[in-house]
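Heads up: the structure comes next, in structure tokens.
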Amino acid sequence: MTEGPLEWLALARGTLDRVALHRRDDAWLEAAWADPGTRVLVVEDGRAPVSYEPRPALALVPPERAPDGDRWLLGVDDDGTAYFGTSGPLPEIEGTRPGGLRRVGALLDDRDSGLLTHAVALEHWHGSNRYCPRCGTETRPASAGHMRVCPKDESQHFPRVDPAVIMLVTDEADRILLARGPQWPADRRSILAGFVEPGESLEQAVAREVKEEVGVPVRDVRYLGSQPWPLPQSLMLGFTAKADGGVPLSPDPEEITDAAWYTRDELREAIEAGDIVAPGPLSIAAQLIMRWYGGDLPKMPDF
Ligand SMILES: [Zn+2]
């Protein structure tokens, strides 16, 4: 578990063929929507109807039960069933309660995890990008929900994803660096992370963020995997890096408090004693820490 790429990431498990070639095929889209076998995922403010027994699963509806509104083609499964997403009031379905990615993203099966991640990302993007950045005119959805077009200047706009690096930094004694953001609960700890800036590579972003946040230079920056994090629109890119030269930690108080190195024993004892709370298994942070730790952390929450 301590070698190789990350094997399991909760929000990177989608199984559908996204069939991008059908997104501009109006006849295909109409036929798919007219098919009672088609399934629709309705999302409202990042949540969807979820049935929890016997295990969490999305409650999908046929097109006739979906609210009116723009539709987004999410993909097609191996049996040829088409899946759409739409935003609107959640349908009343017996035995379901609304659930979002934080609550159920790690518990859903692969198909449903991918559907919800995709739909939540599109819902947020459409909701927050209604106007043309060039001329301010209200844009229109196109390409089955994967583009918006300005009717005035015909400019095309695609869903945005903001790359963010997250890195497990180890020192020469193979201890990991955990820190707390100033806004976090007092016992919360995680590894360092930050957004990639314009004109910067991923590796440069890793080194810059670690230097800015705790004053430590790093080397051997290594990519291990990624997962979408549409909360609201990030792509988390996971790395390991080694602290270079035993430079002492000097946290930037605006970004970091309580930065410290932990051995495996120290981490286990701190969690068991309730002194710190580690990230939940939904996050790539937890997967990076578990990979270093060599298995599940103590008190891993069940959501
Ligand atoms: Zn425009």
query = Within the set of pairs 6 or more residues apart or between chains, which connect a residue that is at positive phi and outside the structural domain of Gly274 (by TED's automatic domain parsing) inside segment 188-206 to a residue that is at pLDDT 95 or above and crowded, with 22+ Cβ neighbours inside 10 Å with Cβ atoms less than 7 Å apart?
reply = none
message = Just checking, does segment 173-189 include any residue being within 23 Å of Asp244 (Cβ to Cβ), surrounded by fewer than 18 Cβ atoms within 10 Å (Cβ to Cβ) and not β-branched (Val, Ile, Thr)?
response = yes
inquiry  = Checking the structure you have, find out if any residue of segment 233-251 is part of a helix (DSSP H, G or I), more than 20 Å from Met300 (Cβ to Cβ) and not β-branched (Val, Ile, Thr).
reply    = no
query = Looking at (1) part of a loop (DSSP other than H, G, I, E, B); (2) modelled with pLDDT of 95 or more, can you tell me which one Glu123 breaks?
reply = (1)
inquiry  = If I ask for residues that are farther than 17 Å from Ala259 by Cα and charged (D, E, K, R), which ones from segment 178-232 would you list?
reply    = Glu197, Glu200, Glu203, Arg219, Asp220, Arg222
task = Within segment 147-169, identify whether any single residue is more than 28 Å from Val120 (Cα to Cα) and in contact with a strand residue (DSSP E or B) (Cβ under 7 Å, 6 or more places away or on another chain), and answer yes or no.
result = yes
In segment 154-180, the residues that are among the polar types (S, T, N, Q) and more than 16 Å from the ligand (Cβ to nearest atom) = Thr170
query = Does at least one position in segment 206-214 carry a residue that is part of a strand (DSSP E or B) and touching a strand residue (DSSP E or B) at 6+ places or on another chain (Cβ under 8 Å)?
reply = no
remark   = Taking segment 91-112 and keeping residues under 12 Å from Leu74 (Cα atoms) and either hydrophobic (A, V, I, L, M, F, W, C) or crowded, with 22+ Cβ neighbours inside 10 Å (or both) leaves Asp112
note = Per the list (1) touching an Asp or Glu at 6+ places or on another chain (Cβ under 7 Å); (2) within 16 Å of the ligand (Cβ to nearest atom), residue check on Pro151 breaks on (1)
remark   = Residue hits (segment 262-292; small (Gly, Ala, Ser), part of a loop (DSSP other than H, G, I, E, B) and crowded, with 21+ Cβ neighbours inside 10 Å) are Ala278, Ser283
inquiry  = I'm trying to understand the selection: among the residues of segment 126-147, which are within 16 Å of the ligand (Cβ to nearest atom) and either assigned to a loop (DSSP other than H, G, I, E, B) or surrounded by 23 or more Cβ atoms within 10 Å (Cβ to Cβ) (or both)?
reply    = Asn129, Arg130, Cys132, Pro133, Arg134, Cys135, Gly136, Thr137, Thr139
ask   = Which of the residues that make up segment 60-89 are touching a Ser or Thr at 6+ places or on another chain (Cβ under 6 Å) and crowded, with 22+ Cβ neighbours inside 10 Å?
value = Ala82
inquiry  = So Pro163 passes all but one of these: (1) closer than 20 Å to Tyr293 by Cα; (2) outside any loop (DSSP other than H, G, I, E, B). Which condition number does it fail?
reply    = (1)
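The values are calculated or read from the model by the stated rules, or taken from the named source; none is laboratory data. Values in this document were obtained by computation on a predicted structure and should not be read as measured data. As a convention, Cβ positions derive from the backbone with ideal geometry for all residues, glycine included, and neighbour counts pool all protein chains shown.
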